[in-house]
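Report on the following structure.
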Amino acid sequence: MEYFLILLFMLFTLWLGGRIVEKAGYPKLFILCLLIPFLNIVIIWFFAFSKWPNLKPDIDVFK
C-alpha cells in the first residue's frame with residue numbers, strides 16, 4: 001500500500017511539474033530529468049535562473 005502511495009505521489013508531482021515546465025515554454029520531457037539523482041538539482045537551478053521562452057519581453061526578472 002505504501003509503495004502505491006509513493007508511486008501516486010511521484011506521478012502527481014511529475015504531472016504537476018510538467019504543467020509548470022510547459023507553461024514556462026520548455027518541453028514536457030524536461031521534467032524527466034528530475035528522476036536522475038544530482039541532475040535534478042542542476043535542472044532546478046537551470047530552470048530557476050534561465051530566461052523562460054514564454055516570458056513576455058517587457059518583463060525583466062534579472063534586475
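The values are calculated or read from the model by the stated rules, or taken from the named source; none is laboratory data. Note that the coordinates shown come from a computational prediction; the quantities given were computed from them, not determined experimentally. Neighbour counts run over all protein chains shown; Cβ positions are idealised from the backbone, glycine included.
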Within the stretch 11-35, residues at pLDDT 90 or above and more than 10 Å from the chain's Cα centre (by Cα) come out as LEU11, PHE12
Quick one: how many residues across the stretch 18-40 are part of a helix (DSSP H, G or I), surrounded by 11 or more Cβ atoms within 10 Å (Cβ to Cβ) and not acidic (Asp, Glu)? 13
